[in-house]
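The structure appears right after this line, and notes come after that.
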Amino acid sequence: MLENKIVEDLILRYNSPVPRYTSYPTALEFGALEDSALAKSYGALDTAKPLSVYIHLPFCANQCLYCGCNVLLSRRIDVVDSYLPLLLDEIRLKTQLLHNGEGGKPLVSQIHFGGGTPNFLHLSHWDLLFEGLHRYFDFTTDAEMSVELDPAVLTEGYLPHLRKLGFNRVSYGVQDVTSKVLEAVNRPQNIDHIKDVVVESRREGFSSVNIDLIYGLPHQTLESYQSNLAFIQELMPDRIALFSYAHVPWLKHHQRRLDASALTTPTEKLRIYLSARERFEKMGYEQIGMDHFGLPGDSLTEAYRNKTLHRNFMGYTTQKTLDMLAFGTSAIGFVSGVYMQNHIKMSGYRNAIQNQNAWFEKGFAMSTEDALRHEIITQLMSNFQIRFKEIEEQYGIHFTEHFAREMTDLEHYVEEGHAEMDSTHFETTETGSFIIRHIASVFDAYRKGSEQKGFSKAI
Ligand code: SF4
């Protein structure tokens, strides 16, 4: 465990706003994108390589106050009845733009359903959705098919049905198990029911079960957090995502309803993180990237060990599929070097599909320099290192010449003991891993003014 003084020093010096780099450039750099970008980027896609697909199912019946997702609140199931035909139309229209060599269907090796609460859907909705998906895509035999579920509202018979459709990975948002915290964030949930759900997932044969926890919520303390760690120890999921709460009430207005005076202090937050990390390691987990932990044998754990981990909007992944087709309200795709975000509001999304124009909320077309910096930032955020030669070979540059200014910043982190560097590579030390967002921002050509842009704080 790090000494108290080092913890205090890290907080004092580095607890400033900085991006999480789920994309580079970050979504705040996105701007207006012409409709022509759609046909151009889809038409240029190399469909010989398997694709990654993301589908956004935005509905939730209840507003959790910490939520940072794009959600449509509703208690009426008929919202799904009108959403699914739009979604399938969107998939049909966009896949028509792909060039499939023999005219076959594009091949998908990874599909992820996020939300919102995907299990807001009834099982008949899933049947309809999959009937459509099989119309437009083929799936590799070992395709990763994953879904985010809210275990608190998961009904009987749901998991076996998803397994029959082909799902093999499931991720549960739990966040905290103590009633005081759950009340403060407006997330009622029965912990015993959640335990049963996790046990059932194993029984049903999901090959990977992930649990999300958050630290930094109101009323969490180092002491109260031990209940969350005991909960993990009892269930031993294959993966744990331990997210730092991002308090951005200026972007997510419902967060204003949280009692900000009860929020965990930065020092307590870092202590909770360190204590969780130590306990997870004792349980046999290994740290994966910035905020994930996995059991040995899990594919993400192995990828991190081999330094082949990658990162996209969905988090960490073993597959270096830069291209991701994304469907549904607010979904962000990345195709042939172009980020494209769908409309966030249902009305805009519906109009785009029905009129087949004004497709985007916003987007960004990457330059070669952006792609180079994207690769370096992804390597840092995923594997905590940069291998200079690999970057040089991939992009035809001389690293230290191309990044002369950035090298000075990297040397500064080395002098401070947060990293080690030689002529072949740069790699963070333990303290450097806590401030990886700051270190990655060295390569962010748009980083100036992070404070004004309203990113969450690093710790
Ligand atoms: S269930 Fe998830 S997506 Fe829905 S409001 Fe809560 S945190 Fe947000």
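The values are calculated or read from the model by the stated rules, or taken from the named source; none is laboratory data. Values in this document were obtained by computation on a predicted structure and should not be read as measured data. Every residue, glycine as well, gets a Cβ built from its backbone with ideal geometry; the counts of neighbours run over all protein chains shown.
Within the stretch 52-75, can one find any residue that is without any contact (Cβ under 8 Å) to a residue 12 or more places away in the chain and either part of a strand (DSSP E or B) or within 16 Å of the ligand (Cβ to nearest atom) (or both)?
no
Report yes if ARG13 is more than 19 Å from ILE332 (Cα to Cα), within 16 Å of the ligand (Cβ to nearest atom) and surrounded by fewer than 14 Cβ atoms within 10 Å (Cβ to Cβ), otherwise no.
For ARG13, the condition - more than 19 Å from ILE332 (Cα to Cα), within 16 Å of the ligand (Cβ to nearest atom) and surrounded by fewer than 14 Cβ atoms within 10 Å (Cβ to Cβ) - is not met.
For the stretch 231-250, give me each residue that is hydrophobic (A, V, I, L, M, F, W, C) and under 20 Å from THR264 (Cβ atoms).
Residues satisfying the conditions are PHE231, ILE232, ILE240, ALA241, LEU242, PHE243, ALA246, VAL248, TRP250.
Just for the stretch 49-93: of the residues that are acidic (Asp, Glu) and surrounded by 14 or more Cβ atoms within 10 Å (Cβ to Cβ), which one is farthest from ALA27 (Cα to Cα)?
Per the stated criteria, the residue is ASP89.
Please determine, by comparing only the residues of the stretch 417-456 that are of a type in the set (A, V, I, L, M, F, W, C) and assigned to a helix (DSSP H, G or I), which one is modelled with the lowest pLDDT.
Ranking the candidates gives PHE434 first.
Exactly one of these conditions fails for VAL335: (1) within 25 Å of LEU28 (Cβ to Cβ); (2) of a type outside the set (S, T, N, Q); (3) surrounded by fewer than 23 Cβ atoms within 10 Å (Cβ to Cβ); (4) within 18 Å of the chain's Cα centre (by Cα). Give me its number.
Only one criterion is unmet by VAL335, namely (3).
Collect the residues in the stretch 88-136 that are within 16 Å of the ligand (Cβ to nearest atom) and without any contact (Cβ under 8 Å) to a residue 60 or more places away in the chain, keeping them in residue-number order.
If the condition is that a residue be within 16 Å of the ligand (Cβ to nearest atom) and without any contact (Cβ under 8 Å) to a residue 60 or more places away in the chain, then PHE113, GLY115, ASN119 are the ones that fit.
Could you list, in sequence order, all residues of the stretch 137-157 that are within 16 Å of the ligand (Cβ to nearest atom) and of a type in the set (D, E, K, R)?
GLU148, ASP150 - these are the residues of the stretch 137-157 that are within 16 Å of the ligand (Cβ to nearest atom) and of a type in the set (D, E, K, R).
SER23: in a helix (DSSP H, G or I) and either farther than 30 Å from GLU268 by Cβ or under 26 Å from the mean Cα position of the chain (by Cα) (or both), yes or no?
Here the answer is no, as SER23 does not meet what is asked.
Considering only residues that are in contact (Cβ under 8 Å) with a residue 60 or more places away in the chain and in a loop (DSSP other than H, G, I, E, B), look in the stretch 173-198 and name the one that is surrounded by the most Cβ atoms within 10 Å (Cβ to Cβ).
Applying the filter and picking the extreme gives VAL185.
Suppose we filter the stretch 199-220 for residues that are assigned to a strand (DSSP E or B), farther than 18 Å from SER299 by Cβ and among the β-branched types (Val, Ile, Thr); how many remain?
1
Have a look at ARG169, ARG187, ARG163 and point out the one that is in contact with a Cys (Cβ under 9 Å, 6 or more places away or on another chain) and either farther than 20 Å from LEU129 by Cα or at pLDDT 95 or above (or both).
Within the list ARG169, ARG187, ARG163, the selection yields ARG187.
Which residue, of ASP370, ASP409, is buried (at least 16 other Cβ atoms within 10 Å of the Cβ), among the charged types (D, E, K, R) and farther than 15 Å from THR308 by Cβ?
Being buried (at least 16 other Cβ atoms within 10 Å of the Cβ), among the charged types (D, E, K, R) and farther than 15 Å from THR308 by Cβ holds for just one of ASP370, ASP409, which is ASP370.
Check the stretch 288-301 and report whether any residue there is modelled with pLDDT of 90 or more, out of contact with any strand residue (DSSP E or B) (no Cβ under 8 Å at 6 or more places or on another chain), over 30 Å from ALA352 (Cβ atoms) and part of a helix (DSSP H, G or I).
So far as the stretch 288-301 goes, no, none of its residues is modelled with pLDDT of 90 or more, out of contact with any strand residue (DSSP E or B) (no Cβ under 8 Å at 6 or more places or on another chain), over 30 Å from ALA352 (Cβ atoms) and part of a helix (DSSP H, G or I).
Check ALA276 against each of (1) assigned to a helix (DSSP H, G or I); (2) of a type in the set (Gly, Ala, Ser); (3) out of contact with any strand residue (DSSP E or B) (no Cβ under 8 Å at 6 or more places or on another chain) and name the one condition it does not meet.
(3)
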